[in-house]
Every structure is written in C-alpha cells, then in structure tokens.
Amino acid sequence: MMSLERDDAVVLRLSEFSEASQIVTLLGRGHGLLRLIAKGVRRGTRTRFAAGLDLLELGEASFALPRGDAQLGTLADWVQRDSFAGLRRELLRLQAGLYAVELVTALTEEHDPHPELFDALVDTLRRLAGKGPAAPLVPRFQAALLHAVGYHPLLDECASCHRPPRIRGPLYFSAGAGGVLCRDCEMHYVEKRRLPDGLLTTRPDAGDPFAWFELLDYHAAHIAGRRMSSASGLGGLLRRAAAAPPAGGG
Ligand SMILES: [Zn+2]
C-alpha cells in the first residue's frame, strides 16, 4: 500500500493533464512546492474531489511523493479549509492573490520547505479576503517572500560598498547588485533603475504601495529570470487605487 503524506497547502496553479486529471501545484507548509497529479477532478461529478480544487484555496492534502523516475507525485485527497471567498469580490484583491501565488511558484523550488513563507501567504490571502485596504498587502507579501527565500534586497546600505546611502538626491537600485547603490557606486552598474524620491524613508509595508510593488517586482523578475504574467495588470490596478482612494478611506 502507498504511504501517504499529509500537509496543509495552498493551491498555486492548476493545469489540465488529461480529460480526467489535472496537475496541481501546491505550496505545502512542511513540504514546500509540490507538483501532483490529481485524478478524477472533473467538476460536477461525484468523485473523490467532488467540487474539484480552486486556485488560491487553503486545504489539507494527502498525497504520495514521486517514486523512482516519476516527476510528479499523486494527490489522493483534498479537504478544503478556506476558499478566501472575499478576495473574489474585487479585481484588485483577486489579482493580488494571483500575483502572490505566481511569485511563490517562480521563486521557490520543490523539496525546499519555507513554513514562514506559507504562513505569510495564508495571512495575505486571509487579509485580501477581509475588509482592510488591499494595496499595502502586495509589497508586504513581496518583502516577506524575498526574505523567506534569501533574496531580500539591501536597502539601508549600498549593495556594492556597504556604506549608508545618502537619502537626499537621486538614488539607484540594481537587482544584480542586490539592492540600493550609493552615488559613488551607481555609475559602475548598467542594470539599474532610479528610485522614486523619498521611497527609502518608508518601508514596503508602510509606504507608497505602487512604488514599492514596482521596485520589488523588478527585483523578483530579475531573480526569476522573467516578468510575472500577472504583474502588469496588478500594477495598473495599484496605480489607479493610489490615484483614486476609495470613498470614506480618509
Ligand atoms: Zn557604494
């Protein structure tokens, strides 16, 4: 008999594998990124996964890890714990959730668990599904993810000479250098972008959400080697949210 693993997990991605099965990408709290075949997932039929799996939901997975040369394990059972239904009521919230799981898929690897990243993802999805402001949750999660995987950029010292950068005057950021550059070092880097004035006097979770999103997305795309497909849509929504704060939002 196959021995089954169990883990709390969030559904990051679903793709068709055959008519009756899907490949499910999960972030497991204790297992990290998991790619599993789920058989009998056809919606609307009374199968083991009666309602199928949905993107962005939290559940408890029972699965068999891949054996021998197999690339994929097998999902045996899925018990939904939270669908975070509230994040589907507003496009910004949904797009932020989709961006978060795309980033996790791009920047983590199988067999490399990050429980603190799992907790940050669940916390972010829960907050996105709630009533509080959505925009600041995006750079907050980007920063948490970059910390968890060891790629958080240096922001309080020059990434090249490690002296504190002067806050006044134009400052540059290089993803390849791994952070902010002082004015003496900046000229030696081709890959760089100018930071919005004053951004470094704030933090990712308490600053201009759009400016922080853009900076951390630029950094994440450099590490991943590609831009997230959900990034430009989310960027547009964050820019509009900044230009027109919701009524009653102060
Ligand atoms: Zn420097």
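Each value in this text was obtained by applying a stated rule to the coordinates, not by laboratory testing. What you are looking at is a predicted structure, and each value in this text was computed from that prediction instead of being measured. Note that we place each Cβ from the backbone using ideal geometry, even for glycine, and neighbour counts take in every protein chain shown.
Could you work out the helix-only [θ] at 222 nm for the chain, with each DSSP H run of four or more residues adding -39,500 (n - 2.57) and the total divided by the number of residues, to the nearest 500 deg cm²/dmol? Write down the numbers at each step before the final one.
On the way: 6 runs with 76 residues, N = 250.
Calculated mean residue ellipticity at 222 nm is -9500 deg cm²/dmol.
In what order do Val138, Val122 fall by count of nearby beta-carbon atoms within 10 Å, going from fewest to most?
Numbers: Val138 30, Val122 19.
Placing the least packed residue first, the sequence is Val122, Val138.
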Compute the long axis of helix 91-107 from its Cα atoms, compare it with the longest principal axis of the Cα atoms of the chain, and write down the angle in degrees, 0 to 90, nearest 10.
90 degrees
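Please report His31, His162, His222, His147 as a ranked list, fewest other C-beta atoms within 10 angstrom at the top and most at the bottom.
Working: His31 23, His162 11, His222 17, His147 14.
Placing the least packed residue first, the sequence is His162, His147, His222, His31.
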Normalise the Debye intensity by I(0) for the chain, one equal point scatterer per Cα, no solvent, then take log10 at q = 0.07, 0.08, 0.15 Å⁻¹ and round to two decimals.
-0.28, -0.36, -1.04
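For the range 167-250, build the convex hull from the C-alpha positions and give me its volume per residue in Å³.
Details: hull volume 9.0 nm³, N = 84.
Hull volume normalised by residue count: 107 Å³.
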Between Ala96, Leu26, Ala221, whose Cα lies farthest towards the positive end of the dipole of the chain when Lys and Arg beta carbons carry +1 and Asp and Glu beta carbons carry -1, centred on the Cα centre?
Ala96
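With viscosity set to 1.002 mPa s and temperature to 20 °C, compute the Stokes-Einstein D of the range 94-223, Rh being the Kirkwood radius across alpha carbon pairs; µm²/s, no decimals. All intermediate terms of the calculation are to be shown ahead of the outcome.
Working: Rh = 15.3 Å.
It comes out at roughly 140 µm²/s.
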Residue among Leu171, Val11, Gly233 farthest towards the positive dipole end of the chain, charges placed on Cβ
Gly233
Under a 5 Å amide H to amide H cut-off, with H placed in plane at 1.01 Å, what residues pair with Arg81 once short-range neighbours are removed?
Leu58, Gly59, Glu60
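Rank these for me by crowding, Ser160, Ser15, going from fewest to most other beta carbons within 10 Å.
Working: Ser160 19, Ser15 9.
Placing the least packed residue first, the sequence is Ser15, Ser160.
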